[in-house]
Amino acid sequence: MIEALLNSVSAKRAKARIKSSSIVISSRLRLARNINPFPFPNRAKVAQRCDILSNIEAALKDIPYLKTGFFYKMGELSSLEKKVLVERHWISRELSELKEGSAVFISSDQVCSVMVNEEDHLRIQFIKNGFNLNALWKTVNQFDDLLESSIPYAFSKEFGYLTACPSNLGTGLRASVMMHLPALSISDNMDKVIRASNQLGLAVRGLFGEGSDANGHIYQISNQQTLGESEETILSRLGGVLKNIIEHELNARMQYIEVNKAKLVDQISRAHALLSNANLISSDEAMNHLSLIRLAVDLNFLPEEFRSLVDYLFIEIQPGHIQYPDKAISIELRDIKRAELLRNNFKKLPSLNFDK
């Protein structure tokens, strides 16, 4: 059912010259919204959830930006299809576990996805490559205003936008960035960053959010407070902290190279050799080796344009993507197919150049 969407992704990648930035992989803004007079999804009956979905579906289909997009009801998707959407960050794991009365809209450019009847009636999210919080906010705000003009949002003068979880009250805004932090991880300094971020009211999670591991040395860092602050204040504070983390990561890279260059060169060389020749590899192992290849690009051991290939592979090697569309594939065969995908792509990479 999601073949057209995945084909669209492949076509977009083939046509576009995808830019990829060092350290910050992507930025995401998500808004939690509910509509009057319906109860929150966790308290709504199935019939009410279906009514909510019908109202939201009609409003979203009137927005020009989404007219050529994709619409999927959770009850009509297989578990594997949902897994692929989670791996693409188009839906949450929570939405993937729901069925009747829940759905997702995904824009044709794959930048926007709108989840319906997850924890809230609406979870509106926009994701773009690189460090784009302020520019992304303008787009999200315009989209939200347009939708609010046709749907009666649940809003309180005292508390702001009303949400199922009190932690989302106020702006309902969750801003996050996906960061590649290999030097801080390898040098055992990541725990300090996590503690400092938590003290500043930020959450640090793994690649797939709460409860997930930071495979590939990839972390999601986001705000936790939404009440009592404007969107601009939230973005400004988060942006300031992220700039400090970027600086710490760059410093950690310089210090690690000064003290452990031979060790780092060996680690990168082994990762390159394994990914180029492995016949069987798990997703966790592949992620951690790909992280070293991405670091090699950042350190000019490989040409700049290959960073986007690594970012592409971070997603394509995930279990759901390797398995799709074959539901019955075994774990061992999945690891074999993953290794084949990596070998084929690593043919495109030139030799490592450690003289730069």
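Taking 8 Å as the Cα distance limit and 6 or more residues as the minimum spacing, I'd like the relative contact order of the chain as a percentage. Before the final figure, lay out the partial values.
Details: 560 pairs, mean separation 64.4, N = 356.
After rounding, I find 18 percent.
So, in Å, what gap is there between the alpha-carbon centers of segment 199-236 and segment 49-72? With segment 199-236 and segment 49-72 each reduced to a Cα centre, they are spaced 28 Å. The fraction of accessible area contributed by carbon and sulfur in the chain is 51 percent, rounded to a whole number (1.4 Å probe; ligands and nucleic acids excluded).
Ordered by packing density, taken as the mean number of other Cβ atoms within 10 Å over each peptide's residues, highest first, how do 110-118, 347-355, 157-165 rank? Before the final figure, lay out the partial values.
On the way: 110-118: 23.1, 347-355: 10.9, 157-165: 15.1.
Ranking the peptides 110-118, 347-355, 157-165 by packing returns 110-118, 157-165, 347-355.
Taken over the Cα atoms of the chain, the convex hull encloses 134 Å³ per residue. With a cut-off of 9 Å between beta carbons, the residues surrounding P182 carry a summed charge of 0, where Lys and Arg count +1 and Asp and Glu -1.
Over all distinct Cα-Cα pairs of segment 131-240, the Kirkwood formula returns a hydrodynamic radius of 15.4 Å.
Around the Cα centre of segment 118-213, unit charges on the Cβ atoms of Lys, Arg, Asp and Glu (plus for the first two, minus for the last two) sum to a dipole of about 300 debye.
Is it possible to state the helix-based mean residue ellipticity at 222 nm for the chain, with each DSSP H run of 4+ residues giving -39500 (n - 2.57), the sum divided by total residues, to the nearest 500 deg cm²/dmol? What is it?
-15000 deg cm²/dmol
The residue list L352, H272, V46 was ranked by how far each Cα lies along the charge dipole of the chain toward its positive end, using unit charges on Cβ atoms, and L352 comes out on top.
Across segment 107-124, rounded Karplus estimates of 3J(HN,Hα) from the backbone phi angles (6.51 cos²θ - 1.76 cosθ + 1.60, θ = phi - 60°) give 5, 5, 8, 6, 7, 10, 9, 10, 8, 10, 6, 8, 6, 10, 4, 10, 10, 9 Hz, Gly and Pro being marked x.
Where the only charges are on Cβ atoms (+1 Lys, Arg; -1 Asp, Glu), what is the dipole of segment 192-331 about its Cα centre, to the nearest 20 debye? Provide the component values of the computation, followed by the final result.
Working: 12 positive and 17 negative charges, 81 e Å.
Using Cβ point charges on Lys, Arg, Asp and Glu, segment 192-331 gives about 380 debye.
Working from the Cα coordinates of segment 118-176, the gyration tensor eigenvalues give, after taking √(5λ), semi-axes of 21, 14, 11 Å in decreasing order.
The 1.4 Å probe gives accessible areas that order E57, E148, E87, E97, largest first, as E97, E148, E57, E87.
Any idea what the alpha-carbon Rg over 2.2 N^0.38 Å comes to for segment 230-356? Each step should come with its number before you reach the end.
Values: Rg = 17.5 Å, N = 127, 2.2 N^0.38 = 13.9 Å.
Compactness ratio reported: 1.26.
Around N223, under 11 Å between beta carbons, what's the net of Lys plus Arg minus Asp minus Glu among the other residues?
Values: positive: R30, R174, R237; negative: E229, E231.
Its environment carries a net charge of +1.
Ranked by the mean number of other Cβ atoms within 10 Å of their residues, highest first, the peptides 125-137, 272-284 come out as 125-137, 272-284.
The values are calculated or read from the model by the stated rules, or taken from the named source; none is laboratory data. Every value quoted in this text rests on a predicted model; they were computed, and no experiment measured them. FYI the Cβ positions are ideal-geometry reconstructions off the backbone, even for glycines, and counts take in every protein chain you see. The accessibility values were calculated without ligands, DNA or RNA, using every heavy atom of the protein model including side chains. Shrake-Rupley method; radii C 1.70, N 1.55, O 1.52, S 1.80 Å.
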